[in-house]
Structure formats: C-alpha cells, structure tokens
Amino acid sequence: ITQIKTTTSDILLRKMLSIADKVKLLDMLREGKSCAAVGRHYRINESSVHSIKKEEKNMRMTAAISFKKDAKRVATLQQDYGEDGVCISSVD
C-alpha cells in the first residue's frame, strides 16, 4: 500500500499488487472466477481486475523473466522506428 499525500490533512492510500499477486489473480480468472469476485478477494475495483487481465501477456512474461518476485510494475518493450518509418528493432 502506497500513501499519496494530496494536502496536509488528506492522505489517500493506493494498493499496488506485486507481479506474483497479479499472476495469482490471473490464475483465479482462468479458473472461472468472475472479475467482481476476484476484485473483492484482493480488495481492488473490478475495473482494476479488467486492466490487469488486459495486460495478461505482459504480466506473465514479466513474471517468467523477473528475478525480483515482489516487483510491482511491468516493464514493456517497445519497437524502435527509423526516420523512414521502418522498424529497426523488433520484439517477439
């Protein structure tokens, strides 16, 4: 849980799941549980569950190559394009 200070009297709490927790969340979805049920389990909004599900491929790839099991962010790779618009590096 990360604290975000907006003013001197207000503190908002933001819950960030680790990559391992996100993979477990995705496994629950694959088992047939609904997004709402999974959201209640992890105490996050259903829309957050949908966002994690949308990034499933990146989450699982990061989990497979990640050395830091408690990482909370996903690194995404991008393709580079030259001045002529031709791809000069590819990510498969």
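The values are calculated or read from the model by the stated rules, or taken from the named source; none is laboratory data. Since the model is a prediction, treat every value here as computed from it, not as a measurement. No Cβ is skipped: glycine too gets one built from the backbone with ideal geometry, and neighbour counts run over all protein chains shown. Surface accessibility is based on the protein's heavy atoms, side chains included, excluding ligands, DNA and RNA. Shrake-Rupley method; radii C 1.70, N 1.55, O 1.52, S 1.80 Å.
Is it the case, given these coordinates, that ASP70 is in a loop (DSSP other than H, G, I, E, B), of a type in the set (Asp, Glu) and either exposed (fewer than 10 other Cβ atoms within 10 Å of the Cβ) or modelled with pLDDT of 85 or more (or both)? Yes. Kindly indicate whether MET59 is modelled with pLDDT under 95, in contact with a helix residue (DSSP H, G or I) (Cβ under 8 Å, 6 or more places away or on another chain) and open to solvent by less than 70 Å² (accessible area, probe 1.4 Å). It is true that MET59 is modelled with pLDDT under 95, in contact with a helix residue (DSSP H, G or I) (Cβ under 8 Å, 6 or more places away or on another chain) and open to solvent by less than 70 Å² (accessible area, probe 1.4 Å).
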